[in-house]
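The structure under discussion appears below in the form of structure tokens.
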Amino acid sequence: MATIQLFLLLAVFIAFVLLMFRRMIPALLALPILAFSIPLISGVNIVDVFTLVLGNGATRLSEAYTIAIFGSMLSIMMQKTGVAESFIKTGAELSGDKPWAISMVMLILISLLFTTLGGLGAIIMVSTVVLPILASVGVGPVTTVGIFLTGLSIGGIMNVGNWAVYTQVLKLQTDEVQSFALVMLGIMFVISMIYITIQLYRDGHEVNVKRIGVISGSLAAIGVVIYLLWSSIPDPARDSLSNFLSFMPPAIQYLIGGGLALLVLLTVIRIFRDSGSEKTYFTAYFIPIVPLVLILVFKINFIAAFIAGLAYGYLSTYRKNSLNILIRSVLDGGAVVMPAVALMLGIGMLLNAVMGPPQTMLESYPDGWPVLLLLKPVMESIKPDTATGYLLLFSLAAPLALYRGPLNVWGMGYGIAAIFLAGGMP
């Protein structure tokens, strides 16, 4: 019986992957239907499927999609007030007409914006500003698109709204996501810099590769020297130095807190002096950074950080119709992010279908959730046990995470992650 059930589960899963890949059914519908089918095949009675899987699963990611809604509100506010557009144009003006410099500045600005921005509208808005600026200094079309997409990806790595989904779905701590994201940020930035340098050279621009190499090599050498010096310090001296440096984080917090207070003070002064001006004041450029700083430095709750970001955005862009803009941002922000919220509802259902509802709701299943009992032996037998195995498996499977691929997180990806977790994969 178990063999037949496993065969049916595999057949249903492959069928829905193919249907999604061929655009015959959207993920929006595929995920709830899959969430309904998996427990039913595994032996869960239909009442519990509706109650425990579909009903309870719809609210499993409630925190994540609430954060997404608030993040979208802030994103819409930055678009409606013109801050995002002004941010890009100001950066372009400051970087001059050197293709490499302006490409790097655009990359950094796009990355910063998409730590907060999200949605198709934001992508279109930013691209309509960035692409002409890069084209005007002779950057090739392929290079321009590459800069925009890598900037979008880097911003997504540091997007705290995405972090909220990871912490809820994969049961990770924020510190774990943060440390991984910072490593990925460094790797992606280095790869992007190399990509820009090579592409601009291929486009026919005069790129001072020697100077770029010297600067990059010097920074890398400084990092290596610091690491070697730290490693060579005797343990007693290192412990004493660590105790001394332990006073630094609170000092940095006070320093950054003072900086935020100064920004708010300058914003309030600007409101009283020149609230009628349509010009973007420099304090508004810190809008996408404020939530990130509050979360990373002060460990503030994600939702509270976005609310603080909205309040700061309202003050820093204050003008006669600011209240109307704030209200429209709140309403439009919810509408824009609704497709993602609907997907999260389906992902929550699929997670409940595979992992099971909370333990307090499993009185009818004292031996464990039937889907887990069915899948766990199979997953334990195929999951890699070594670091090399993990590396090979997910490197080879990486193309499947591309758009509409079965490993894409905004589709089947989180469901597959849930299956791996069920099999004991860390």
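Scan the range 13-22 and give yes if some residue there is aliphatic (A, V, I, L, M) and under 25 Å from the mean Cα position of the chain (by Cα), otherwise no. Yes: the range 13-22 contains one or more residues that are aliphatic (A, V, I, L, M) and under 25 Å from the mean Cα position of the chain (by Cα).
Right, residue 188: within 30 Å of residue 57 (Cβ to Cβ) and modelled with pLDDT of 75 or more or not? When the stated conditions are applied, residue 188 does not pass them.
Quick check on this structure: which one of 314, 318 is of a type in the set (Phe, Trp, Tyr), assigned to a helix (DSSP H, G or I), in contact with a helix residue (DSSP H, G or I) (Cβ under 8 Å, 6 or more places away or on another chain) and in the same structural domain as residue 272 (by TED's automatic domain parsing)?
314
Here residue 341 meets each of (1) closer than 18 Å to residue 61 by Cβ; (2) modelled with pLDDT under 80; (3) among the β-branched types (Val, Ile, Thr) with one exception, condition (2). Considering the range 274-288, the residues that are in contact (Cβ under 8 Å) with a residue 40 or more places away in the chain and surrounded by fewer than 17 Cβ atoms within 10 Å (Cβ to Cβ) include one that is nearest to the chain's Cα centre (by Cα), namely 278.
Consider residue 369 against the criteria (1) under 26 Å from the mean Cα position of the chain (by Cα); (2) crowded, with 20+ Cβ neighbours inside 10 Å: it satisfies all of them except one. Which criterion is unmet? So the condition that residue 369 fails would be (1).
Quick one: would you say residue 329 is at pLDDT 90 or above, among the hydroxyl-bearing types (Ser, Thr, Tyr) and either assigned to a helix (DSSP H, G or I) or surrounded by 13 or more Cβ atoms within 10 Å (Cβ to Cβ) (or both)?
yes
Close Cβ contacts (under 6 Å, 6 or more residues apart or on different chains) running from residues in the range 193-214 that are within 15 Å of residue 138 (Cα to Cα) and of a type in the set (A, V, I, L, M) to residues that are at pLDDT below 75 and part of a loop (DSSP other than H, G, I, E, B) comprise 200/207. Among the residues of the range 346-363, some residue qualifies, meaning at least one is among the polar types (S, T, N, Q), under 30 Å from residue 379 (Cα atoms) and free of Cβ contacts under 8 Å to residues at least 24 places away in the same chain. If you check residue 75 against the conditions, is it at pLDDT 90 or above and in contact with a helix residue (DSSP H, G or I) (Cβ under 6 Å, 6 or more places away or on another chain)? In short, no.
The values are calculated or read from the model by the stated rules, or taken from the named source; none is laboratory data. These numbers come from a predicted model, not from an experiment. All Cβ positions, even for glycine, are placed from backbone atoms using ideal geometry, and neighbour counts span all protein chains on display.
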